[in-house]
Amino acid sequence: MEVLFVGGTGIISSACSSLAVERGMHLTVLNRGTSFRKPPPGVETIVADVRDPDAVRRALDGRRFDVVVDWIAFTPDHVRKDIDLFVGRTRQYVFISSASAYQTPPATIPVTEDTPLSNPFWQYSRDKITCEEILVRAYREEGFPATIVRPSHTYDPTLVPLHGGWTNIDRMRSGKPIVVHGDGTSLWVLTHHADFAVGFVGLLGRFETIGECYQITSDEVLTWNRIAETLAEAAGCEAEIVHAPSDLIAAFDPHWGDSLLGDKTHSMTFDNSKIRRLVPEFDPKVPFTEGARQIIAWYDAHPAHQRADLDFDRTLDRIVAAQRAALAHAIA
């Protein structure tokens, strides 16, 4: 099977690249070649910027693929250019959407692929929704062979799944508090990229998926308190957690606020029966206790990546001070 990944060396896509090669697919990755993650042996690499369609056409030189996956399409313009680039060049085009495109907050959980798409809070999610709408229309009106995949919060050993990343681990190891939104009891799902890859690679070349959408997530449900505590345990320290309302966090850090109000503030769990029917071997096996140990082990083995964001560190200090002052005022 001839497969093209646009991107292919990211947090999610790197595991999918490895598994695709292991499964015997002939994988080509097209990217700028700037990631510290390198494609696995056996992958053909084409260096080009997908944002330059003429350069991509020259780089591909009329080649055709059974499957094209664009891992880095985020806006309607990206998708429109992809349709123009790959129409007639692939038998299946896979778009990586986002579970944050689902109705926010959800009316019911667990979420299924039939849950409405609506997110009034986060532009990232609204863009993904529009991308999906463009692809569905292209499939219905022109036969463009689109399959839509909706990951949720997927991580690898290089990603600390808290806003601000390693800064949180640095603070916990230094005895400083971190901030968790709300009271920390909203429900969340984290998916290890190796588990995601099993479901994802299993749908490549499955042409019955064209015109369909699939969510691929773990079944492990965690609270945000437990996520922070599990990371602290793996890092050999304790988590001092200060809880703050999402609105307060947004006042200090609008970018973080968008991702909270548009996604992480709300409990989200998922029904994965659709991907399991298609790919019976999909059976997530990496609990977050193991994933957290992998994250800390990777950072401890790569000290150059243990970079705390000083601006974010100061923002956390301000949020902590504001929340403690608000509580003191309420008690007084």
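Some observations on this one:
- Restricting V180, V201 to residues that are touching a helix residue (DSSP H, G or I) at 6+ places or on another chain (Cβ under 8 Å) and farther than 30 Å from D66 by Cβ narrows the list to V180.
- Selection over segment 248-282 of residues that are closer than 19 Å to Y155 by Cβ and touching a Lys or Arg at 6+ places or on another chain (Cβ under 8 Å) gives a count of 1.
- In the set D183, D219, only one residue is part of a loop (DSSP other than H, G, I, E, B) and under 17 Å from L278 (Cβ atoms); that residue is D219.
- Conditions (1) surrounded by fewer than 21 Cβ atoms within 10 Å (Cβ to Cβ); (2) within 21 Å of the chain's Cα centre (by Cα); (3) assigned to a loop (DSSP other than H, G, I, E, B); number of the one not met by E281: (2)
- For A55, the conditions (1) out of contact with any His (no Cβ under 6 Å at 6 or more places or on another chain); (2) of a type outside the set (F, W, Y); (3) part of a helix (DSSP H, G or I); (4) closer than 15 Å to V201 by Cβ are fulfilled apart from (4).
- Any hit, segment 132-149, residues being more than 18 Å from I275 (Cα to Cα), within 17 Å of the chain's Cα centre (by Cα) and at pLDDT below 95: no
- Test: residue in segment 75-82 that is in contact with a Ser or Thr (Cβ under 6 Å, 6 or more places away or on another chain) and of a type in the set (S, T, N, Q): no
- All positions within segment 282-316 that are in contact (Cβ under 8 Å) with a residue 12 or more places away in the chain, out of contact with any Phe, Trp or Tyr (no Cβ under 6 Å at 6 or more places or on another chain) and more than 30 Å from D195 (Cβ to Cβ): D313, L316
- Answer from A232, A239 - the residue that is assigned to a loop (DSSP other than H, G, I, E, B), of a type outside the set (V, I, T) and touching an Asp or Glu at 6+ places or on another chain (Cβ under 7 Å): A239
- The lone exception for F95 - which of (1) over 15 Å from the mean Cα position of the chain (by Cα); (2) of a type outside the set (G, A, S); (3) farther than 28 Å from E229 by Cα it fails: (1)
- Lone qualifier among A308, A292, A239 - being over 28 Å from L204 (Cα atoms), hydrophobic (A, V, I, L, M, F, W, C), surrounded by 15 or more Cβ atoms within 10 Å (Cβ to Cβ) and in contact with a strand residue (DSSP E or B) (Cβ under 8 Å, 6 or more places away or on another chain): A239
- Considering residues of segment 22-46 that are surrounded by 14 or more Cβ atoms within 10 Å (Cβ to Cβ) and among the polar types (S, T, N, Q) only, the residue nearest to the chain's Cα centre (by Cα): S35
- Residues located in segment 13-36, provided they are at pLDDT 95 or above, in a loop (DSSP other than H, G, I, E, B) and either of a type in the set (D, E) or on the phi < 0 side of the Ramachandran plot (or both): R23, M25
- Segment 243-264 residues that are at positive phi and assigned to a helix (DSSP H, G or I), paired with ones that are modelled with pLDDT of 95 or more and acidic (D, E) (beta carbon under 6 Å, 6 or more apart): none
- Answer residue from segment 217-242, given it is acidic (D, E) and touching a residue at least 24 places away in the same chain (Cβ under 8 Å) and is farthest from G291 (Cα to Cα) among those: E240
- Test for T9: is it closer than 22 Å to Q92 by Cα, in a loop (DSSP other than H, G, I, E, B) and not small (G, A, S): yes
- Once segment 100-143 is narrowed to residues that are touching a Phe, Trp or Tyr at 6+ places or on another chain (Cβ under 7 Å), hydrophobic (A, V, I, L, M, F, W, C) and touching a residue at least 40 places away in the same chain (Cβ under 8 Å), the residue that is farthest from L231 (Cα to Cα) is A138.
- Among the residues listed as I331, I275, I319, the single one being surrounded by 12 or more Cβ atoms within 10 Å (Cβ to Cβ) and more than 20 Å from G175 (Cβ to Cβ): I275
The values are calculated or read from the model by the stated rules, or taken from the named source; none is laboratory data. Owing to the predicted nature of the structure, the values given are computational and were not obtained by experimental measurement. Every residue, glycine as well, gets a Cβ built from its backbone with ideal geometry; the counts of neighbours run over all protein chains shown.
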